[in-house]
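I have placed the structure first, in the form of structure tokens, so that the comments after it can refer back to it.
Read-outs: derived from the displayed coordinates by stated rules, not from any lab. Owing to the predicted nature of the structure, the values given are computational and were not obtained by experimental measurement. Backbone-built Cβ (ideal geometry, glycine too); neighbour counts: all protein chains shown.
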Amino acid sequence: MTAATTQRYLRPKGPSVPIANRMVAALTKVGISIWGSRLLAVRGRKSGEWRTTPVNVLTFEGTRYLVAPRGHTQWVRNLRAANTGELHLGRHTEPFTATELPDTAKPEILRAYLRRWKFEVGVFFDGVDHTASDEELLRIAPGYPVFRITPGA
């Protein structure tokens, strides 16, 4: 594990990513979920203001997770600091508590996430997909924060 791996962050490239995020966020705000999308709201670790971003919520073996395919993003840093947030879909708001998983617990979650959303996030995984071995998923795990979310805050 290197510092580059543990602090991995992929900035959005090109004008299409912010546009797509705004479109998904707008649809989610009016109650239309795209493949399980929600609007994540987390208080900023410095400003204390609510920050929002569209996310995919993974349900795996009855537990819900947030995976950060772009790595250690601002929402990840804010969630680490706050340990709580909200998921929004239309007028429905679901407060939650977040627990970050250790790297050793990530392979099966990353595999399930890739199985569900590879078409959307596969580009961020450098050729690794749901058929990868546990060893390969464990190797990349430090670059992909994963949070277990529990209802209530």
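So, Gly44, is that one touching a Leu at 6+ places or on another chain (Cβ under 8 Å) and over 20 Å from Thr150 (Cβ atoms) or not? Considered against the rule, which asks whether it is touching a Leu at 6+ places or on another chain (Cβ under 8 Å) and over 20 Å from Thr150 (Cβ atoms), Gly44 comes out as no. The number of residues in segment 121-136 that are surrounded by 15 or more Cβ atoms within 10 Å (Cβ to Cβ) and under 16 Å from the mean Cα position of the chain (by Cα) comes to 4.
Looking only at residues of segment 66-96 that are in a loop (DSSP other than H, G, I, E, B) and among the charged types (D, E, K, R), we find that the one that is nearest to Pro145 (Cα to Cα) is Arg70.
Is it fair to say Arg115 is surrounded by fewer than 15 Cβ atoms within 10 Å (Cβ to Cβ) and basic (Lys, Arg)? Yes; evaluated as a whole, the condition is true for this residue. Any chance you could count how many residues in segment 35-74 are within 15 Å of Leu101 (Cβ to Cβ), free of Cβ contacts under 8 Å to residues at least 60 places away in the same chain and buried (at least 18 other Cβ atoms within 10 Å of the Cβ)? Final tally of qualifying residues: 1. On the basis of being in contact with a Lys or Arg (Cβ under 6 Å, 6 or more places away or on another chain) and either surrounded by 17 or more Cβ atoms within 10 Å (Cβ to Cβ) or in contact (Cβ under 8 Å) with a residue 60 or more places away in the chain (or both), does Asn78 make the cut? For Asn78, the condition - in contact with a Lys or Arg (Cβ under 6 Å, 6 or more places away or on another chain) and either surrounded by 17 or more Cβ atoms within 10 Å (Cβ to Cβ) or in contact (Cβ under 8 Å) with a residue 60 or more places away in the chain (or both) - is met. Among the candidates Thr104, Thr131, Thr99, the residue that is farther than 23 Å from Ala25 by Cα, in a loop (DSSP other than H, G, I, E, B) and among the β-branched types (Val, Ile, Thr) is uniquely Thr131. Selection over segment 92-110 of residues that are of a type outside the set (Asp, Glu), more than 14 Å from the chain's Cα centre (by Cα) and closer than 23 Å to Gly122 by Cβ gives a count of 2.
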